[in-house]
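Okay, structure first, notes after.
Laboratory data are not the source of any read-out in this text; all were calculated from the coordinates shown. Predicted, not measured: the structure shown is a model, and the values here were computed from it. Glycine also receives a Cβ, built like all others from the backbone with ideal geometry; neighbour counts cover every protein chain displayed.
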């Protein structure tokens, strides 16, 4: 196929070099957006009297025909493919459509349009996921589970409170996604190669046709800017990190030694040699996807880090990482969405596990503080009490009041309520705390914030 350039060249490009430089196999996925941009640009040319009404109709009709097929893999890229197709259908008229426009401003425009559409799809997945998490948290708002620090049983919390921590992570991701969308609302078309163009083509008209909210301010920056791809990569990095942490918990919880979670057959696989096995493959693969996403992010940043302004061929390489990020995040979110309704918690095991490791020892110290003892002194008293329990193979729940009074005369019978799982949880009645009362309030706020971000996306 002929090139869009070549007048100043005496020799043809080396065949193997030509294959190496091609991007058609990758950027063909942007073809529908290429059509959209040329359609809008054709209308702008008509409004500014560069083509007449009949010519406009002819181009738009041919775009409809071309859109139905894309097959010429000998093209250098989708821009040259479409231009030569338009020339094939319309003769010299096809050459007029590219007046004042470069592949440099065109590629960043269509990439932004594509990413805007994909962000909307991810936004919808996040809505479904967060709604499911909030609903599940409401079901389990009062169900005890041990909370962990350093992977050691620390203090009792509720399953609902734990699940709302997922929502908080994904809420931040949702806000990051919204910021990604905002960064894409600047139309670069009309910046041409790097300096703008010499024609009376109103960029505001192009902006409106393509549904952008703003225009890029500087043509040099407009054609070289890939910050929006970096921002999206950052979003992908964080959300896959959050999903990986959640998955790690689910892997641990489904382990036989924990037995907090019963894996559904719908999200598990077996062993080819051990017939009893049920493996948490979904969560393991989500965890592994972090490496892929991090690698894509590093690739994009490395492509950009040493480029002189403005546009360079290096930017051709950003598409594979971007497309892979989009594909991976959508597939991961969709799979994660499907697992939420079938999570089955072993609440009995969770409750008895919450009794272990003197998990309400802090509540005992707080009890003494309320009696007038400084916390550090109370901490020491309770530490001595725990040491006594370990030595005598008893727990704080079954130690007698007489034994407690050996450590402090301030202990009374009511301390045993504070030492219970239910009392410990209920006493955390602070904004953002794990008491059932606060969990229900947090659920209400979570629904409000989710509805708010849905409105902001419109």
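Each of residue 429 and residue 313 was given a label point 7 Å from its Cα along the Cα-to-Cβ line. The distance between the two points is 7.1 nm.
Looking at the chain alone, DSSP beta bridges between its own residues are antiparallel in about 80 percent of cases. By other beta-carbon atoms within 10 Å, ranking 431, 327, 358, 41 with the fewest at the front produces 431, 327, 358, 41. With an 8 Å cut-off on Cα pairs and a minimum separation of 6 or more residues, tell me the relative contact order of the range 15-99 in percent. Averaging sequence separation for qualifying contacts and normalising by length gives 38 percent for the range 15-99.
When volume of the Cα convex hull per residue in Å³ is calculated directly from the model, which label among [x] 205; [y] 155; [z] 190 fits? Correct label is [x]. Each of 355, 170 was scored by other Cβ atoms within 10 Å of its Cβ. Listed from fewest to most, they are 355, 170. Taking the number of Cβ atoms within 10 Å of each Cβ as an exposure proxy, the fewest-first ranking of 364, 250 is 250, 364. Starting from the Kirkwood Rh over alpha-carbon pairs, what translational D in µm² s⁻¹ does the range 355-457 have by Stokes-Einstein at 4 °C and 1.567 mPa s? Result for D is 84 µm²/s. If you line up the long axis of helix 53-67 against the longest principal axis of the chain, both from Cα atoms, how many degrees apart are they, to the nearest 10? Taking Cα atoms only, the helix is inclined about 50 degrees.
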